Structure formats: structure tokens, C-alpha cells
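Take a look at this one; I'll ask things after.
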Amino acid sequence: MTGPGVTGPVGDPAPNPHASAEEVEAAYADPKLANVLYHDWEAGTYDEKWSISYDERCIDYATDVFDAVAGRADTPYGTAMELGSGTGFFLLNLMQGGVASTGSVTDLSPGMVEVALRNAARLGLDVDGRVADAERVPYDDDTFDLVVGHAVLHHIPDVRAAMREVLRVLKPGGRFVFAGEPTRIGDFYARRLSQLTWWLTTTLTRLPALRGWRRPQAELDESSRAAALEAVVDLHTFDPSELERTARAAGAADVQAVTDEFGAALLGWPVRTFEAAVPDEKLTLRWRLFAYHAWLRLSAVDRKLLSRVLPRELFYNVMITGTKPSAPTAR
């Protein structure tokens, strides 16, 4: 992958979006292989599936999340890396929002790195990329001013080892920000809401009057297989206090975890599941605007009201930030 200001992962493995049955079977016993296969499979349609864009809507979302946990006092950061970047959603939108100047995308999935670099090239951003295991990041010590990640820590087998790697590649005083991680309680109710929504939608659309709302059975079966593999790649849920302790044990300073999305999650997970179960042509612009603005309104209620009265453990998302301790002063 080449383009203005974009460096491709020379020598990295090629994407494998069509895994064999033997590879899929092996993945159930190997979480890292499962992550590669699942995310290579999803890479080409991931942005569409999760309504990811690189315009004002997602720039505002990414920068608001960043600001909520870390603030803007030290922006713009000169060099930033995204760990488990996927298609580049978090870092590329943060760069467009003025949080960082240059970036590096890393992911265990070659397919995701390829798409992230393609997105960066289209946006004209100064980004390079590497296929990378989060527990062995292929960059030198003291390389980055900022490391970010979105919905990545729960995929990593050894979160403390990954945190140590993050601190290793950060410059002294550098900051990390991870967002979009599922809390223990939030994951419990989100999964059950999704399972109920899937069952209701796929059951009701068997009725003759609603058959036009049913995806072809082959697509529903493929989604079910993806969900089964997704259960293998989702390794952790987090208690906010325990996640703080993990970061401190890895050597981080100034650690703080913040949670968000309670009402927004109660709406968002059923909506996403419903959208996955019905044909795309049924999801009109009016529906998409309704879903998005309802989610925005509930997110505002979560931030302005519910976050003040509910325990942070009840919210779906946990975000965490911290810094690499500065080098000791020479005597």
C-alpha cells in the first residue's frame, strides 16, 4: 500500500479474508489466530457494519471520547500510534480533529492494516502501518508521544503485557488513551439484549407479511458463524477499578478510568443487532437519522445526568488514560 504520506507494511503477512474450515476450527483454540481470521474477514465491510465514517460525525465522537478521559491540554501530539487500529477509526479521526500530527496504525489483522492505510491515504494523512501483536509491538523504545486504542484491550490475551509494551514505546511523559472497552456488567446486559433482538427479528421475519424484512438465510447463517467466532475473540470484560490497577502494575502513572453509555447502550445494541438482521434496503435514511439522533440524546443524558448518580460499573464503555513516568532527573 503506497500513497502520499502513507507507508505500507513492507514484508508483513497478506490478508486472509477467506479462511479454510481447518483454519476456523483451529481458531477456536487459538485466540490470536481467531482475531486474525475474524478481522481479516470483517475488514472490507467493517466501516459499513459499525457506521464508521471519517467526517464531522465521527471526528466529533472520537475527539469527545478523548477529551472525556484525557482532555486537550497537551494536544496536538507530534507522533501517535493506534494499537489494534482496525480500519483506523479512532486515530484517523483524532488526527483530523487536531489531536495528533503524524500516526502509525498497528493491528494483528493484515486486512485491517491494509484498509486503515487505504483510509489514511484517501484522507491525505501522514500515516504508516505495521501488522503487530500488541504484546510485542514492532517499534523502538521511546518512539511515540501518544498511544491510543479503541475496543482493542478486550481482544488481547495478556493485557498487562500489552500495557508494558505501550509504556515502552511511549516517550517519557507520553500518554495513552484506550476507549470503547466493555465493562463486566455492561457486557452482560448488552449481549442479552442483542441475543433477544436477534431471536425476535429472525423469528418474526419468518411470518409471510414480514418476509420482505428477512435477509437471505445464507447471510443469516454467515452472521451467526461470525457471532460464534466473535465470542472467541472477545476475551475480557473489565471492572474499571481493576483496569486501573492493571495499568499501574504495568508501570503507568496518572491513571484514570472513566465510563460512559448506559441509556445509549440499552438502545444501541438492539439497534445494531436489528440492522444486522434485516436487508440493507430497509434501513432508510429516516431510520438511520432517527437511530443516530436517539443515541446522541441518550448519550447526553448519560453524561450530564446518569453519570452523576449511577455507579461507574453500570455503564457499558470504560475508557482509561495514563502516562509514562518521566525519566529521573540526573544528579
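In what order, largest first, do 165, 230 sit by accessible area if the probe radius is 1.4 Å?
If we order 165, 230 from most to least accessible, we get 230, 165.
GNM on the chain, C-alpha springs below 10 Å: top fluctuator among 49, 32, 282?
282
May I pose another question? Could you look at segment 200-331 and say what percent of its accessible area is carbon and sulfur, using a 1.4 Å probe and all protein chains?
The C+S portion of the solvent-accessible surface of segment 200-331 is 59 percent.
Rg to Rh ratio, segment 220-268, alpha-carbon atoms and Kirkwood radius?
Ratio of gyration radius to Kirkwood radius for segment 220-268: 1.16.
With no solvent and one point on each alpha carbon, what is the Debye value of log10 I(q)/I(0) for segment 84-135 at q = 0.14, 0.18, 0.23 Å⁻¹?
One equal scatterer on each Cα of segment 84-135 leads to -0.28, -0.46, -0.74.
If you take the Cα Rg of segment 187-331 and divide it by 2.2 N^0.38 Å, with N the number of residues, what do you get?
So the Cα radius of gyration is 1.39 times the expected 2.2 N^0.38 Å.
Count the net charge of all other residues whose Cβ sits under 10 Å from the Cβ of residue 259, scoring Lys and Arg as +1 and Asp and Glu as -1.
Net charge around residue 259: -4.
Over the chain, average the accessible area per residue using a 1.4 Å probe and give it in Å², no decimals.
For the chain, the per-residue accessible area is 47 Å².
Excluding same-chain residues fewer than 8 positions from residue 324, which lysines have a Cα within less than 25 Å of its Cα?
The reachable lysines, counting only those whose Cα sits under 25 Å from residue 324, are 171.
Of all the Cα-Cα pairs you can form in segment 87-194, what percent are over 25 Å apart?
So the portion of pairs separated by more than 25 Å is 23 percent.
Which residue fluctuates the most in the chain, going by a Gaussian network model with Cα springs under 10 Å, if the choices are 301, 105, 69?
Most flexible of the set in this elastic network: 301.
Could you sort 128, 107 by their accessible area in this structure, using a 1.4 Å probe and putting the largest first?
128, 107
Which number do you get for Rg(Cα) / (2.2 N^0.38 Å) in the chain?
Cα-based Rg divided by the globular estimate yields 1.00.
Further, regarding this structure: Take the chain, connect every pair of alpha-carbon atoms lying under 10 Å apart with a spring to form a Gaussian network, then pick out the residue of 103, 180, 44 with the largest mean-square fluctuation.
Taking springs between Cα atoms under 10 Å, the residue moving most is 44.
Continuing with this model, one more query. Give me the accessible area of residue 295, 1.4 Å probe, in Å² rounded to the nearest 10.
Answer for residue 295: close to 40 Å² accessible.
Over all distinct Cα pairs, what is the inverse of the mean 1/r for segment 167-240, reported as the Kirkwood hydrodynamic radius in Å?
15.7
Taking all protein chains together and a probe of 1.4 Å, list 118, 286, 272 from the most accessible to the least accessible.
Result of the area sort, largest leading: 286, 118, 272.
Taking Rh as the Kirkwood radius computed over C-alpha pairs, what is the Stokes-Einstein D of segment 48-127 at 37 °C in a medium of viscosity 0.692 mPa s, expressed in µm² per second?
D, rounded to a whole number, is 262 µm²/s.
The values are calculated or read from the model by the stated rules, or taken from the named source; none is laboratory data. Only a predicted model underlies this, so the values are computations on that prediction, with no experimental measurement involved. Don't worry about glycine lacking a Cβ; one is built from the backbone with ideal geometry, like all the others, and counts go over all protein chains shown. In case anyone asks, the SASA skips ligands and DNA or RNA and just uses the protein heavy atoms, side chains included. Shrake-Rupley method; radii C 1.70, N 1.55, O 1.52, S 1.80 Å.
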